[in-house]
Amino acid sequence: MDWIRDILRAVVGTIIIFSAVAFIAVMFGVLLERKVSAWMQSRLGPKHVGPQGLLQTVADTIKLLQKENIVPTRADPIIFASAVIIVPLAALLDYVVIPFGTTRSGPLIFRDLNIGVLYFAATSSLVVIGILMAGWGSNNKYALLGGLRSAAQMVTYEIPIGLVLVTVALMAGSLSTVTIVNGQARLWYIVAQPVAFLVFLIAATAEVNRAPFDLVEAESELVAGYFSEYSGMRFALFQLGEYGEMFALAAMAVTLFLGGWHGPVLPPVLWFVIKLYALIFVFMWVRWTYPRIRIDQMLNFSWKVLIPVSVLNLIVTAFFVVMAHR
Amino acid sequence: MSGEAIVFYLLAAVTLASGVIVVTSENIVHSAAALVPSFLGVTGLYILLNAEFVAGIQVLIYAGAITVLILFAIMLTEGGTGFGTRQRNEQAAVGAAVAAAMAVLLIVIATRTGWTAGSGTLPLYTPGVIGQSFLRQNILVFEGTSVVLLISLMGAILIARRED
């Protein structure tokens, strides 16, 4: 009964990924975001619930669970309700191919797909559908504008991300994330591919709709963008999707450029977590120091700067890879 | 029934049920959204056939890009609320008859054909081999497709920019 074992494995894996993402990435991530922003603005941040405010997000989540679930009268109930499921689901699917570390019995990964990088690009592109559906289903002009902006933005910035993924796959000679990490045992790809790393970081910031690219939920013009009409736990699920996606992209950046679990002395998993949170800190640092840019500036930046640069980088990399294999 | 058969029927049911919603729904946005489970069901079938690369491309291009494009187009066009657009016209009966005839034809072909299993080992199936075949034996087809895509892109810009 191989398939029953496989299904059980999938169910257990889903529960593990979901709880890990919900507790470690989202709850702690939101707290970290508030603490970092407070530190950058010379405030204290959450301080009262638990030691040093550690339990603040837990309290917030319990509060959100108790809130009434409001559906606007003119909203489309099916689209409105299903959008909430798609966004966190697409973010959770990303984690299947991320190698968190290595043990004696092999790398610590849910499944080492031979199309790993392609799979990652595919699942992270599904988020857009959820956001568009949320924006349209709310029957609110701000939500719809937010959803449309998000679709334009994410479709545009997926291209440089895809080109960077291809570049790294060329370096490693494989699409499998484990092979890519193994290829960095001696030299991290950030040294060989600094341009690709920079492009990936910028495009990832845009892909998860964070400042300076947070036009999708620009408070000053769009209320809260596509999730303006969502309340209670549904709002929390969108937050889960957003932070889940941010951690997934940071984990992918660690896998692609920062040597994954490789590092001296400390255990591999710890190295992975250290690098992951270092990148998350960079994301937060950027968010709380840069002002928002305009939508046309943002789209122009991707089409006229990021995409040409990453195409050039890909061609140069391909040239050197072919020369090295000759 | 083996596990593989159960999975096949489940995926087929998801694909077909959402396909029915796509063609029958009164609301054009519902139709577009129902394309997603349909595409994902086909992806599952590809995975069942050990065609991971095609499955990945199916999600990336169809579920990820094509659906977003369709939704985007619906929401940006006039009357994009999706209400009040009639999806069926007086030719619905003719269309249904043609579809039924096509289905009968396909079922007859599928059941009449003797599906003999080929001998020998499967050809190597990796992204690398697929890329090699695109750039060696099939380069003409590959480049031809890209020219077609380029022309359609230019045509779209030409039509959209006419008023300027």
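The values are calculated or read from the model by the stated rules, or taken from the named source; none is laboratory data. What you see is a predicted model; the values in this text were computed from it and never measured. Every residue, glycine as well, gets a Cβ built from its backbone with ideal geometry; the counts of neighbours run over all protein chains shown.
Hey, does the stretch A:178-189 have a residue that's farther than 30 Å from residue A:76 by Cα, within 14 Å of chain B (Cβ to nearest Cβ) and either of a type outside the set (Ser, Thr, Tyr) or more than 17 Å from the chain's Cα centre (by Cα) (or both)? Break it down into steps so the answer makes sense when it comes.
Here is the first cut: in the stretch A:178-189, the ones farther than 30 Å from residue A:76 by Cα are A:178-189.
Now narrow it down to the ones that are within 14 Å of chain B (Cβ to nearest Cβ): A:179-180.
Checking the rest, the ones that are also either of a type outside the set (Ser, Thr, Tyr) or more than 17 Å from the chain's Cα centre (by Cα) (or both) come to A:179-180.
The answer is yes; a qualifying residue exists.
Restricting A:314, A:266, A:299, A:240 to those that are assigned to a helix (DSSP H, G or I), out of contact with any Leu (no Cβ under 7 Å at 6 or more places or on another chain), of a type outside the set (Lys, Arg) and within 28 Å of residue A:99 (Cα to Cα) reduces the list to A:240.
Scanning the stretch B:48-63 for residues that are facing chain A (nearest Cβ under 7 Å), free of Cβ contacts under 8 Å to residues at least 60 places away in the same chain and under 16 Å from residue B:134 (Cβ atoms) turns up just one, B:56. Restricting attention to the stretch A:1-60, the residues being within 14 Å of chain B (Cβ to nearest Cβ) and in a helix (DSSP H, G or I) number 9. Of all residues in the stretch B:8-27, exactly one satisfies the criterion of being within 11 Å of chain A (Cβ to nearest Cβ) and in a helix (DSSP H, G or I), namely B:21. Before we move on, is residue A:56 surrounded by fewer than 18 Cβ atoms within 10 Å (Cβ to Cβ) and either within 15 Å of the chain's Cα centre (by Cα) or of a type outside the set (D, E, K, R) (or both)? Answer is no for this residue.
Could you say whether any residue in the stretch A:198-217 is in contact (Cβ under 8 Å) with a residue 12 or more places away in the chain, more than 18 Å from residue A:153 (Cα to Cα) and part of a helix (DSSP H, G or I)? Step through it out loud before you land on a result.
At the first step, the residues of the stretch A:198-217 found to be in contact (Cβ under 8 Å) with a residue 12 or more places away in the chain are A:199-217.
Retained after the next criterion (residues that are more than 18 Å from residue A:153 (Cα to Cα)): none.
So far as the stretch A:198-217 goes, no, none of its residues is in contact (Cβ under 8 Å) with a residue 12 or more places away in the chain, more than 18 Å from residue A:153 (Cα to Cα) and part of a helix (DSSP H, G or I).
Applying the set (1) among the polar types (S, T, N, Q); (2) facing chain A (nearest Cβ under 10 Å); (3) in contact (Cβ under 8 Å) with a residue 40 or more places away in the chain to residue B:2 leaves exactly one unmet item: (3).
Just to be sure before I move on: is residue A:167 buried (at least 21 other Cβ atoms within 10 Å of the Cβ), of a type outside the set (Phe, Trp, Tyr), more than 19 Å from the chain's Cα centre (by Cα) and part of a helix (DSSP H, G or I) in the structure I sent?
Values: buried (at least 21 other Cβ atoms within 10 Å of the Cβ): yes; of a type outside the set (Phe, Trp, Tyr): yes; more than 19 Å from the chain's Cα centre (by Cα): yes; part of a helix (DSSP H, G or I): yes.
Taking the combined requirement at face value, the residue satisfies it.
Inspect all residues belonging to the stretch A:167-175 and state whether any of them is at the interface with another protein chain (Cβ under 9 Å from one of its Cβ atoms) and modelled with pLDDT of 85 or more.
Step one: filter the stretch A:167-175 for residues at the interface with another protein chain (Cβ under 9 Å from one of its Cβ atoms), giving A:169, A:173-175.
Then drop every residue that is not modelled with pLDDT of 85 or more, which leaves A:169.
Scanning the stretch A:167-175, I find at least one residue that is at the interface with another protein chain (Cβ under 9 Å from one of its Cβ atoms) and modelled with pLDDT of 85 or more, so the answer is yes.
If only residues of the stretch A:72-99 that are in a loop (DSSP other than H, G, I, E, B) and surrounded by 21 or more Cβ atoms within 10 Å (Cβ to Cβ) are counted, the one that is farthest from the other protein chains (Cβ to nearest Cβ) is A:99. For the stretch A:105-149, filtering for residues that are closer than 30 Å to residue A:169 by Cβ, among the small types (Gly, Ala, Ser) and either in a loop (DSSP other than H, G, I, E, B) or within 8 Å of another protein chain (Cβ to nearest Cβ) (or both) leaves 4.
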